Amino acid sequence: DVKRDPKIQVARLKLPILGEEQRIMELVNENEFLIVAGETGSGKTTQIPQFLYEAGYAERKMIAVTEPRRVATVAMSARVAYELGLTSKEVSYLMRFEGNVTKDTKIKFMTDGVLLKEIQTDFLLSKYSVVIIDEAHERSVYTDILLGLLSRIVPIRRKRGNPLRLIIMSATLRVEDFTENKRLFKEAPPLIKIDSRQFPVTIHFNKHTYSDYLKEAYKKTVKIHTRLPEGGILIFVTGQQEVRYLVRKLKASFPYRKDVDYTKLITRKAVNENDAALDSEPEDIDSDDDEVEKEMKRARKARRKAKLKAKALPKINLDDYDMPEDDGQADLVGSDDDSEGHLSDSDVEDDTLTPAIKSCRQPLWVLPLYSMLSSSKQARVFEPPPTGARLCVVSTDVAETSLTIPSIKYVVDTGKKKMRVYDHVTGASAWRVVWVSQAGAAQRAGRAGRTGAGHAYRLYSAPVFANDLPAHHAPDLCRRPADDIVLLMKCMSIDKVVNFPFPTAPDRMQLRLAEKRLQVLGILETPENKEGRRKDDEEVLKVTPLGKAVSAFPLLPRYGKMLALSHQQNLLPYTIALVSALTVPEVMSGKAECWPAAGQTLLLGDPGVLLRAVGAAEYAHLKGEEELFCAKHGLREKAIKEIRKLRKQLTTEINLSVPGVDVKIDPEMKPPDENQARLLRQLVLSGLGDQVGRKIGLDEVKEGEDKRKYKYAYHCGELEEPVHLHSESILRKAIPEWVVYQELYETGAEERRKMVMRNVTAIEPEWLPVFVPQ
Ligand code: ADP
Ligand code: MG
C-alpha cells in the first residue's frame, strides 16, 4: 500500500538493487544474519529499509538502521521518508541531542551509539524486528561493539520464539572480519553483493607529490573548471578549516552573481565544448602536472570516434594511470588544528592560472561539507546548482561513503585525512594529517562514477599510492583507549572483556591499561587481598557502586564521575554545564583574555573560563543575541548550541535517575563564588585524577638549556619529556605547582613538536590522597 511519487519510481528503477529485491528478501526471511555489500550509491541505505517495510517487517515492531555518522542519520531518514511518501513521524531519526521519533515510528534511523545505549536498558532489543548496521566497513567503535552484542542477541531472540534479523551493510567487499571470525558467527552469514550502476572512472595520478596539497587541489579545480566539460566537482580535504578556506578561494575566483543571467553563457559553453575551446591548445601547460591536458586530448580523440559510449565497468581499474615517474618528494607533513590557521591567500596564488580564471565566465557553485556544519547547510549539496553554474563540493571524508552527492563527474583527492592518533602509554592524542588507505582512495574515486563516466585526480603519485598508502587503517576500536568501552561492557555484565566477540579484538594490553585507569578513578574495584590474586589477565574486576552511578551518564567515565559526586555539594548545575562544555569539541577559538579571572576562579583554570563563557552565552541566547555574542567572543555557535542540548539532556536524566534531585537550568547562572570554585576544582580532580602534572622547577633545568623554554613546563605521569601549558591556557597567569589536565596532545611539526596539555585546573597536593587514593 505504498504510494510513491512517479518521479521517484523512475529514479528507483534505475538502481540495480531493485532487481534484487526478491532475492534479498528471501535471504532475509530465511536467515538471521545477512551481509549486504555494494558500492556507495548502489541503494543499500535508501532501498533495503523500504523492502523490509513493504514486506511487513514494520507492522508489529520497528526497523532499526544504525549509522556511524550524524550527517547520514538525518539525511537518510529524510530521503527514505520522501521515497516512501511517508512523514518524519513514521520514518524518523534519533541521535544524541536531536531526533524526531514518535509513537508511530516504523523505520528508525539512529547513530550506532544510540542503539548501544538502548541495549543497556533493553538487552533483547524487543522493539525491533530487524536491525540494519549500515556502513559496517567504517568499523566505528560502537558499530563493532553492536556487532559483537547482536551476534549473541539474535540467537537468544530465536530461542524465545521472537526472532530478530541482523543485516550488516558494507560499501566494500572486504568483509572477512565478519565472515571469517568464528567467535562472532559460528557459521559465516550469507553474503549478497549488489551490482552498482558504476560508470568507468579514470584515475589520474600526479607525477609528483607536493606537500602543499591545498594549493594543488585549488590548481587542479581551476583547470577542471576552465577546461573540462560540464559535471560536478568533489574535492576531498582533511578538515573544516581547509574546507572553508578552499570554498572561499574558489568562490572568489569564479563568483556567482545573482544579477547575471547565466543561461546564455551555458548555450555558448555547450557549443564550445563540442568544437572550439577544447580544440585549441591550452595556453599554459604545467610541466609536471598535465593530466588535465591529457584528459582533453583523450576527450578529443573520443569525439572523433563520434560517440563516447559509457560502458558499465564493475569497478575502478587501478591499473589505468599514466606511467609514473620516480617521485622525489614523497612527504607527509604533520599538522594539527592550529597550523591550518596559517594559510594565507598568497600561499595558493599561482600567476599562470590567472588568465584562465579571468577569461572564464561560468560561475562555480561552491558548497562546503563537514560534520560540524549545520544539517540545513549540509542538505544544500543534494540540491541542483543554479542554472549556468557548476557544482563544486569541498568535503572532508564524510562524502567518502555515507552520502551520495548527485552528478559528480570529477573527484579531486588530496589523499589525506585527519585521524586522531593515540599514544597508548601516555593516553596523549594528536590530530594528524595522514594518508587515506588505498581502500579509502578507491571509495573517493568511485564518487565520480555515479551518473556517468568520470575522472578522479589524485594529487599524489602512483608510487606514493603503492608504497605509502596503507591498504586499510586499523579499526577505531583498536586504535584508541578503551576506558568507556570497558566500563560499558562490565556494566552489561560482560566481566571478561577480553573474551567479547569483537569483529577485530583490541590489544589485551590496552584493555588492561583501561582497567587500570578505571581503578585509579575508583570506578572498578581494586581487590583488597593482593597476595591471593590470580594471574593478572584472569582477574575479573567488578564495577564499584560509584562506577555503576557513573555508567548511567552518557559520558566518558571520568565526566560521569564528576557528575556522580557533585550532587553532594549542590554543585550540580555548575558541573552539568562544565561537563557539557568539556565534552563538546572546539568551543572557543579565541584567547581566554576576554574572560578575566582571579582567586579561586583563576585556579579553576580553563574549565572555569569555559564555564563562564557558556553562562554568558546562555544569557545572550535569552536576549536573542547569541549569534552576535558568539562571533564577538570567538565562541563556536554550533558548539554552544550542542552544549545547551547536552545540558538539557543531562539535567533531565539526572532528575529522573537520582532520587530527591530536581535541578533546573538557570539561564542566568551566576559565575561560581570563591567557595564553589574551590569545590569545583576538587570535582575536576576527581574525574581527571589520573592526569596530574607538577611544575618543573627552573633549578631542575639542565645547565646550558634555555630556561625560558621551561616557563610553562610540567612533569606528567611517567612521561619523560616536559609538557607545556596550552598557549591559550588562562593558567599561564598563575603557573601553579600542581595541575590536572583534560587532554595531552602533540603539536607542531618536526623540531617544533612538543607536548601540550589542554583544559588545565590548579589543584592542591594535599587533595591527591583523598581523590586519587592510588
Ligand atoms: P548506498 O547506501 O548503497 O551508498 P544510497 O541508498 O545512499 O546508496 O543511494 C542510492 C541512490 O539514491 C544514489 O545513487 C543517489 O542517486 C540517490 N540518492 C540518495 N540520497 C539522495 C538525496 N538526498 N537526493 C537525491 N538522490 C539521492
Ligand atoms: Mg549508504
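Does Tyr741 fit the bill of being among the aromatic types (Phe, Trp, Tyr) and either closer than 28 Å to Ala598 by Cβ or part of a loop (DSSP other than H, G, I, E, B) (or both)?
yes
Screening the range 394-438 for residues that are over 16 Å from the mean Cα position of the chain (by Cα) and within 16 Å of ligand 2 (Cβ to nearest atom) and picking the one that is modelled with the highest pLDDT gives Ile408. Among the residues of the range 394-416, those identified as within 16 Å of ligand 1 (Cβ to nearest atom), outside any loop (DSSP other than H, G, I, E, B) and of a type in the set (D, E, K, R) are Asp397, Lys409.
Could you go through the range 47-63 and let me know if any residue there is within 16 Å of ligand 2 (Cβ to nearest atom), within 22 Å of Ile408 (Cβ to Cβ) and touching a residue at least 40 places away in the same chain (Cβ under 8 Å). No, every residue in the range 47-63 fails to be within 16 Å of ligand 2 (Cβ to nearest atom), within 22 Å of Ile408 (Cβ to Cβ) and touching a residue at least 40 places away in the same chain (Cβ under 8 Å). Restricting attention to the range 160-192, which residues are surrounded by 16 or more Cβ atoms within 10 Å (Cβ to Cβ), more than 25 Å from the chain's Cα centre (by Cα) and of a type outside the set (A, V, I, L, M)? Those that are surrounded by 16 or more Cβ atoms within 10 Å (Cβ to Cβ), more than 25 Å from the chain's Cα centre (by Cα) and of a type outside the set (A, V, I, L, M): Arg165, Thr179, Asn181, Phe185, Pro189. Evaluating Gly19 against the criteria (1) assigned to a loop (DSSP other than H, G, I, E, B); (2) more than 12 Å from ligand 1 (Cβ to nearest atom) leaves one unmet condition, (1).
Residues that are small (Gly, Ala, Ser), within 26 Å of the chain's Cα centre (by Cα) and open to solvent by 40 Å² or more (accessible area, probe 1.4 Å) were ranked within the range 74-123; the one that is modelled with the lowest pLDDT is Gly99. Looking across the range 127-159, the residues that are open to solvent by 40 Å² or more (accessible area, probe 1.4 Å) and away from ligand 2 (no atom under 16 Å from the Cβ) come down to Lys127, Tyr142, Arg152, Ile156, Arg158, Lys159.
Only residues that are within 16 Å of ligand 1 (Cβ to nearest atom) and not in a strand (DSSP E or B) were counted across the range 25-69, and they come to 18.
Against the numbered list (1) closer than 26 Å to Gly41 by Cβ; (2) in a loop (DSSP other than H, G, I, E, B); (3) open to solvent by less than 40 Å² (accessible area, probe 1.4 Å); (4) not acidic (Asp, Glu), Pro481 comes up short only at (1). Taking the criterion of being open to solvent by 20 Å² or more (accessible area, probe 1.4 Å), free of Cβ contacts under 8 Å to residues at least 60 places away in the same chain and touching a Phe, Trp or Tyr at 6+ places or on another chain (Cβ under 8 Å), the only residue of the range 455-474 that qualifies is Pro470. Remark: pairs (first residue in the range 74-86, under 15 Å from Asp104 (Cβ atoms) and more than 9 Å from ligand 1 (Cβ to nearest atom); second residue open to solvent by less than 30 Å² (accessible area, probe 1.4 Å) and part of a helix (DSSP H, G or I); Cβ separation under 7 Å; 6+ apart in sequence or on different chains) = Leu84/Gln50. The residues listed here are Leu373, Leu367; of these, the one that is assigned to a loop (DSSP other than H, G, I, E, B) and within 16 Å of ligand 1 (Cβ to nearest atom) is Leu373.
At pLDDT 90 or above, basic (Lys, Arg) and buried (at least 17 other Cβ atoms within 10 Å of the Cβ) - does that describe any residue in the range 695-714? Within the range 695-714, one or more residues are at pLDDT 90 or above, basic (Lys, Arg) and buried (at least 17 other Cβ atoms within 10 Å of the Cβ). The lone criterion from (1) open to solvent by less than 40 Å² (accessible area, probe 1.4 Å); (2) among the β-branched types (Val, Ile, Thr); (3) under 30 Å from Ala620 (Cα atoms); (4) modelled with pLDDT under 90 left unmet by Val684 is number (4). Only helices (runs of 4 or more DSSP H) whose full extent lies in the range 619-725 are considered here, and the ones with at least 1 residues that are out of contact with any Lys or Arg (no Cβ under 8 Å at 6 or more places or on another chain) and more than 23 Å from Lys561 (Cα to Cα) are 626-633, 637-657. For the range 574-598, the set of residues classified as assigned to a helix (DSSP H, G or I) and out of contact with any Asp or Glu (no Cβ under 6 Å at 6 or more places or on another chain) consists of Tyr574, Thr575, Ile576, Ala577, Leu578, Val579, Ser580, Ala581, Leu582, Thr583, Glu593, Cys594, listed by residue number.
In the range 186-198, is there at least one residue being assigned to a helix (DSSP H, G or I) and of a type in the set (Gly, Ala, Ser)? Within the range 186-198 (the criterion being assigned to a helix (DSSP H, G or I) and of a type in the set (Gly, Ala, Ser)), the answer is no, since none of the residues qualifies.
The values are calculated or read from the model by the stated rules, or taken from the named source; none is laboratory data. Please read all numbers here as calculations on a predicted model, not as lab measurements. As a convention, Cβ positions derive from the backbone with ideal geometry for all residues, glycine included, and neighbour counts pool all protein chains shown. All accessible areas refer to the heavy atoms of the entire protein, side chains included, with ligands and DNA or RNA removed. Shrake-Rupley method; radii C 1.70, N 1.55, O 1.52, S 1.80 Å.
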